[in-house]
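As structure tokens, the structure follows; a few thoughts come after it.
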Amino acid sequence: EAAEETEEAEEAPAEEPADVDDAVVGFTAEELEELLAKEKEELKANEKELRKCKKEFIPLRRVKKTLERDEQKLRRREALVAKQKVELYGVNNIADIDEEKAKKLSEDLDLLDGLKLSVQHCQEVMEKNEERYPLLEQIFNLLSSKNASLKADIATHEKMLARLNGSNGDSEE
């Protein structure tokens, strides 16, 4: 039964051309061409704005993702280093320190310092852009969704125009 429902749900989008046929009735070819030209101009302007927004937003989004990832790595690395220090310099091991473990601890401490610097730098960048980032994110999301919507509208109107031209061509012959 669930498979049948899934098949019916998948078939539903295939019925879109019937909607396009119904919509074609309300437009003339000239109106559709004007509408398409207007939508294409709007899409062009929207894509230009989206490119501008991307230049500012994408680098900040990368910094934010790097910050989140490095903070997680930093917490794990700090726990690992703390565990290594306890093993190496624990209360019972003061006299005999394993050289390999000491070398590994030193390497991990260097990695820890690098992560701390990375996190600090990313935090500084995000603090400088604390007010801009949410606005850029909203603008980016709005422009992206508008872009997708315009492309879908253009595709639908092109189908409508093709069907209208196709039906006009049939009736003229």
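The values are calculated or read from the model by the stated rules, or taken from the named source; none is laboratory data. These figures come from a predicted structure and were not determined experimentally. Positions of Cβ are backbone-derived with ideal geometry, glycine not excepted, and every protein chain shown enters the neighbour counts. These accessible areas exclude ligands, DNA and RNA; they are computed on the full protein's heavy atoms, side chains included. Shrake-Rupley method; radii C 1.70, N 1.55, O 1.52, S 1.80 Å.
Over 32 Å apart at the Cα level, from the set Lys55/Lys151; Lys73/Lys101; Lys38/Lys64; Lys55/Lys103; Lys73/Lys128, are Lys38/Lys64; Lys55/Lys103. Ligands, DNA and RNA left out, the 1.4 Å accessible surface of segment 26-173 is 52% carbon and sulfur atoms. Here each label is just a point 7 Å from Cα along the line to Cβ, and for Lys40 and Gln120 those points are 5.6 nm apart.
What the phi angles of segment 56-73 give under the Karplus curve with 6.51, -1.76 and 1.60, with θ = phi - 60°, is a coupling list of 8, 6, 4, x, 5, 5, 4, 4, 5, 5, 4, 4, 4, 5, 5, 5, 5, 4 Hz, glycine and proline written as x.
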